[in-house]
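The values are calculated or read from the model by the stated rules, or taken from the named source; none is laboratory data. Because the structure is a prediction, the values reported are computed rather than measured. Note that each Cβ is placed from the backbone with ideal geometry, even for glycine, and that neighbours are counted across all protein chains shown.
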Amino acid sequence: MSLLEIRQLKKAYAAPEGGTHVVVDVPEFSLAAQAQVALSGESGSGKTTFLNLIAGILTPDTGSIKFNGQELAGLTEPARDRVRATSIGYIFQTFNLLQGYTALENVLLGMSFGPGADRGFAKLLLKRVGLEAKLDHLPRQLSTGQQQRVAVARALANRPKLVLADEPTGNLDHANAREALTLIREACRENGAALLLVSHDREVLGQFETVQELAKLNRAAK
């Protein structure tokens, strides 16, 4: 059984000129447990909306999202939040770190929405991403690459079965982008998490054995 199974997934928004604009129209998509798949998608292809639907941040208009055997599409918002908190990690392009909290506190706060804070594991994750000496640093005291590393540690904080990554190297320079991608993939592998990453960067996509074009999956992007 696939970890993630999507069928006839649709999401539309009201268009400024009236009517609706379909952003996501994916007849079928699946992801196996511990698989690592990249989706190529240009701006406007619906990639962020697609990930947000999988994460339960958005609800579909129609269709099925089955994650780890559970149908997500019909869950209440609190129930979707619980699934995301305990089983899905999300790495945002803009990192979304809380600026008033240290690197360690950002990871611990991510844990607090799931099973609960585990200070030892949080420190272990930050050590794994090379930030053992930066636990008490605020985001503004960290480089862009280091902030991305905190975001990776936070995404893995609750030992998720799936990590979603939305253009995770988009704000990094060439060297840091390559390093961050290697780190994300290795960390997911070590923690037994599947990885679904979307990017328009050909070099990033070239690092994956399995790459699918979102425009081919998503009829709305064609």
Checklist entry - Restricting the search to the range 183-222, which residues are closer than 12 Å to Thr169 by Cα and either in contact with a Ser or Thr (Cβ under 8 Å, 6 or more places away or on another chain) or not β-branched (Val, Ile, Thr) (or both)? => result Leu183, Leu197, Val198, Ser199, His200, Asp201, Arg202, Glu203, Val204, Leu205
Next on the checklist: When the residues of the range 110-125 are narrowed to those that are in contact (Cβ under 8 Å) with a residue 24 or more places away in the chain and surrounded by fewer than 17 Cβ atoms within 10 Å (Cβ to Cβ), which ends up farthest from Arg84 (Cα to Cα)?
Outcome noted: Pro115
Checklist entry - Which of (1) at pLDDT 95 or above; (2) crowded, with 17+ Cβ neighbours inside 10 Å; (3) among the small types (Gly, Ala, Ser) is the odd one out, the single condition Ala151 does not satisfy? => result (1)
Checklist entry - Which of the residues that make up the range 143-166 are in a loop (DSSP other than H, G, I, E, B) and on the phi < 0 side of the Ramachandran plot? => result Ser143, Leu156, Ala157, Asn158, Pro160, Lys161
Checklist entry - In the set Leu4, Leu97, Leu72, which member is among the hydrophobic types (A, V, I, L, M, F, W, C), under 21 Å from Ala194 (Cβ atoms) and in contact (Cβ under 8 Å) with a residue 40 or more places away in the chain? => result Leu4
Checklist entry - Looking at Leu131, Leu172, which one is under 27 Å from Thr49 (Cβ atoms), buried (at least 17 other Cβ atoms within 10 Å of the Cβ) and not polar (S, T, N, Q)? => result Leu172
Next on the checklist: Need pairs with beta-carbon distance below 8 Å; first residue farther than 18 Å from Tyr90 by Cα and within the range 40-52, second surrounded by fewer than 19 Cβ atoms within 10 Å (Cβ to Cβ); sequence gap 6+ or separate chains.
Outcome noted: Glu42/His200; Glu42/Ala215; Ser43/His200; Ser45/Ala215
Item to check | Filter pass, Arg159 being crowded, with 23+ Cβ neighbours inside 10 Å and either under 20 Å from the mean Cα position of the chain (by Cα) or polar (S, T, N, Q) (or both) | outcome: no
